[in-house]
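Below are the structure tokens for one structure; questions will follow.
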Amino acid sequence: MTPSHLIAGEEPEHLTQAARRQAQVDPLAALRAPGDPPWDVYLTGTVFLDIIFTGLDSAPVRGTESWARGMGSSPGGVANMATALARLGLRTSLAAAFGDDHYGEYCWDALEQGEGIDLRPSRTVPGWHSPVTVSMAYEGERTMVSHGHEPPPEEPAPDVPSRARAAVASLTPGRHAPWIAAAAREGARIFADVGWDDTGQWDLSALTDLRHCEAFLPNAAEAMRYTGADCPKAAAHALTEHVPLAVVTLGAKGAYAVDRRTGETAEVPAIAVEALDPTGAGDVFVAGFVTGTLAGWPLADRLAFAGLTAALSVQEFGGSLSAPGWSEIGAWWRRVQSVEGQDPAGLRRYAFLDGLVPEELDRPWPLRRAVPTIGFRRST
């Protein structure tokens with residue numbers, strides 16, 4: 001690893017020792033300069049307490065009881081994206097409401113102390129309980145049940161987003177989020193994803209904030225429904241009429257991207273892994289792509305890196321705490337190179353990691369993982 005990829009330059013004062021040890025690699029080190037925004041990425045959204053059941057043989061059947069062979073708890077919702085970005089070495093700021101219950105305390109501690117995420121724009125809402133999602137993983141899929149209430153509009157809610165190089169937004173049809181335009185006016189590069197359109201209209205004009213975005217990252221089904229295209233690649237090209245860069249995820253087939261500004265296209269296959277829990281894999285993919293884009297990598301390298309981080313994440317419990325760090329990325333890269341009979345073309349596809357991943361550490365910093373339950377007393 002070259003010195004230019006070590007953590008260098010000034011750090012925000014609040015970064016914890018844990019966060020500094022955890023990041024290990026600063027992918028933007030060579031680009032940092034005095035006067036840069038203090039944060040690399042800004043996020044806002046809802047933090048859930050995720051409870052994940054894995055090892056189910058099938059989906060739960062009405063009127064029966066199912067037993068899971070594994071269970072984990074971790075912060076979820078927007079915490080998935082925030083944690084994935086922080087573990088890739090990006091200075092991440094999050095504005096969110098937290099309940100003042102034990103779930104909220106656990107999520108706050110896990111994100112601020114465990115991951116070094118800036119929570120100064122966030123707030124604890126008295127008397128509001130944390131939203132909860134129960135996720136059941138089986139056969140590489142997941143079923144989720146969630147419960148929560150909108151937090152009251154209490155101060156100190158942030159009036160404007162933290163100044164950052166980029167922001168990640170989740171677009172909702174028919175809903176305008178003023179902070180997106182505000183962030184774009186301050187020079188942030190906006191990356192957007194979208195959820196399933198429950199209205200069934202699939203009208204791109206209803207995504208009013210898309211005009212402020214640099215990149216849009218839907219999955220294949222969403223992209224085809226929004227554009228009316230009959231295949232994901234055609235959908236990606238159609239989306240570039242509305243946003244400069246379109247990235248369409250193809251599930252087990254990988255991802256395809258089109259950059260209208262350069263005319264560049266790229267397609268990268270997925271990495272085959274045995275999935276334990278797919279919760280949050282889409283968020284980890286976006287985080288990997290944002291990291292490569294801010295670092296100025298070629299489009300195909302960004303797609304490959306995003307797919308790799310997502311593939312590593314599904315092998316662990318939990319949406320947020322399953323996100324890989326650089327030590328895990330480096331371990332994967334060293335391992336695949338040591339296996340005989342590897343496809344040379346496949347190895348060349350990830351050769352860009354040679355200049356990024358750290359050498360094997362004598363004492364790698366352990367990443368937090370989802371735990372079966374929360375609230376155990378810590379040993380002293």
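The values are calculated or read from the model by the stated rules, or taken from the named source; none is laboratory data. Everything numeric in this text was worked out from a predicted model, so none of it was measured. Positions of Cβ are backbone-derived with ideal geometry, glycine not excepted, and every protein chain shown enters the neighbour counts. Areas reflect the complete protein model, heavy atoms only, side chains present, ligands, DNA and RNA absent. Shrake-Rupley method; radii C 1.70, N 1.55, O 1.52, S 1.80 Å.
Taking 22 Å as R0, compute the FRET efficiency from the Cβ-Cβ separation of Thr172 and Ala234 and round it to 0.05. Walk me through the numbers before you get to the answer.
Details: r = 25 Å, r/R0 = 1.14.
It comes to 0.30.
Okay, moving on. Give, in nm to one decimal, the length gained when the segment between Val339 and Val160 is fully stretched (0.36 nm per residue of separation minus the Cα-Cα distance).
Working: separation 179, 0.36 × 179 = 64.44 nm, distance 5.00 nm.
Taking Val339 through Val160 to full extension adds about 59.4 nm, to one decimal.
Rounded if a/c is under 1.5, else prolate if a/b is larger than b/c, else oblate: which is the stretch 102-243, with a ≥ b ≥ c the root eigenvalues of its Cα gyration tensor?
On the way: a/c = 2.01, a/b = 1.35, b/c = 1.48.
It comes out oblate by the Cα gyration axes.
With a point put 7 Å past each Cα toward its Cβ, work out how far Thr143 is from Asp109 in nm, to one decimal.
3.3
Mind ranking Arg62, Arg260, Arg302 by accessible surface for me, highest first, 1.4 Å probe? Numbers along the way, then the final one.
Working: Arg62 230, Arg260 125, Arg302 20 Å².
Reading off the accessible areas and sorting them downward yields Arg62, Arg260, Arg302.
Could you report the accessible area of Met224 in Å², rounded to 10, computed with a 1.4 Å probe on the protein chains as they sit in the structure?
Probe radius 1.4 Å; accessible area of Met224 about 60 Å².
I've got another one for you. Select from Tyr226, Tyr42, Tyr256 the residue whose mean-square fluctuation is largest in a Gaussian network model of the chain (Cα-Cα springs shorter than 10 Å).
Answer for the Gaussian network model of the chain: Tyr226.
I want the antiparallel fraction of DSSP beta bridges within the chain, as a percent rounded to 5. Walk me through the numbers before you get to the answer.
Working: 27 of 56 bridges.
The antiparallel fraction comes to roughly 50 percent.
Cut-off 10 angstrom, C-alpha nodes, Gaussian network model of the chain. Which of Glu150, Glu264, Glu112 fluctuates the most?
Between Glu150, Glu264, Glu112, it is Glu150 that shows the largest mean-square fluctuation.
Sorted by accessible area with a 1.4 angstrom probe, largest first, how do His129, His176 fall? Mind showing how you got there, number by number?
Values: His129 70, His176 100 Å².
If we order His129, His176 from most to least accessible, we get His176, His129.
A follow-up question, please. Return the long-range amide H neighbours of Arg189 (sequence gap of 5 or more, or a different chain), with a cut-off of under 5 Å between placed amide H atoms.
When sequence neighbours closer than 5 places are left aside, the close amide H contacts are Ala166, Ala167.
Accessible surface of Asp343 in the full protein assembly, 1.4 angstrom probe, to the nearest 10 Å²?
For Asp343, solvent-accessible area is about 90 Å².
With only alpha-carbon atoms counted, please give the Rg and Dmax of the stretch 211-326, in Å.
So, for the stretch 211-326, Rg and Dmax equal 13.7, 39 Å respectively.
Ok, one more. Asp198 versus Thr124, label points 7 Å from Cα toward the beta carbon: distance in nm?
Between Asp198 and Thr124, the simple spin-label model gives 3.0 nm.
Accessible area, 1.4 Å probe, largest first: how do Phe352, Phe53, Phe305 sort?
Numbers: Phe352 40, Phe53 65, Phe305 0 Å².
Largest to smallest exposure gives the sequence Phe53, Phe352, Phe305.
Carbon and sulfur together cover what percent of the accessible area of the chain at a 1.4 Å probe radius? Working shown, then result.
Details: 9340 of 18000 Å².
C and S atoms contribute 52 percent here.
With each run of n ≥ 4 DSSP H residues scored as -39500 (n - 2.57), what mean residue ellipticity at 222 nm is computed for the chain after dividing by its residue count and rounding to the nearest 500 deg cm²/dmol?
Numbers: 10 runs with 101 residues, N = 380.
Computed ellipticity for the chain at 222 nm equals -8000 deg cm²/dmol.
Of the candidates Ser313, Ser58, Ser130, which one comes out as most mobile in a Gaussian network treatment of the chain with C-alpha springs shorter than 10 Å?
Ser58
Counting only Cα atoms, I'd like the Rg/Rh figure for the stretch 26-111, Kirkwood definition for Rh. Don't jump to the answer; show the numbers that get you there.
Working: Rg = 17.9 Å, Rh = 15.5 Å.
Rg/Rh for the stretch 26-111 comes to 1.15.
In a Debye calculation with equal point scatterers on the alpha-carbon sites of the chain and no solvent, what is log10 I(q)/I(0) at q = 0.06, 0.12 Å⁻¹?
With no solvent term, the Cα-only Debye profile gives -0.21, -0.93.
If each residue of separation counts as 0.36 nm, what is the full-extension length gain between Val61 and Thr262 once their alpha-carbon separation is subtracted? List each step's numbers first, then the result.
Numbers: separation 201, 0.36 × 201 = 72.36 nm, distance 5.04 nm.
Net length gain for the segment: 67.3 nm.
Once you keep just the Cα pairs under 8 angstrom separated by 6 or more residues, what percentage relative contact order results for the chain? Display every interim value, and only then the final one.
On the way: 807 pairs, mean separation 69.1, N = 380.
Computed value for the chain: 18 percent relative contact order.
Among rounded, prolate and oblate, which fits the stretch 69-140 when a ≥ b ≥ c are the square roots of the eigenvalues of its C-alpha gyration tensor, a/c under 1.5 means rounded, and a/b larger than b/c means prolate? Provide the component values of the computation, followed by the final result.
On the way: a/c = 2.24, a/b = 1.17, b/c = 1.91.
Oblate is the answer for the stretch 69-140, as a/c is 1.5 or above yet b/c matches or exceeds a/b.
Run the 1.4 Å probe and let me know the accessible area of Arg261, rounded to the nearest 10 Å².
That residue has around 130 Å² of solvent-accessible surface.
Also, I was wondering about something else. Nearest 5 percent is fine: what portion of the DSSP beta bridges confined to the stretch 206-353 is antiparallel? Walk me through the numbers on the way to the answer.
Values: 10 of 13 bridges.
Percent antiparallel among DSSP bridges in the stretch 206-353 is about 75.
Here's a follow-up. Please compute, for the alpha-carbon atoms of the stretch 162-282, the extent along each of the three principal axes and give them in descending order in Å.
Reported extents, whole Å, longest axis first: 40, 32, 30.
What distance in nm separates the two pseudo spin-label positions at Phe352 and Ala252, each 7 Å out from Cα along the beta-carbon direction?
Calculated label separation equals 2.7 nm.
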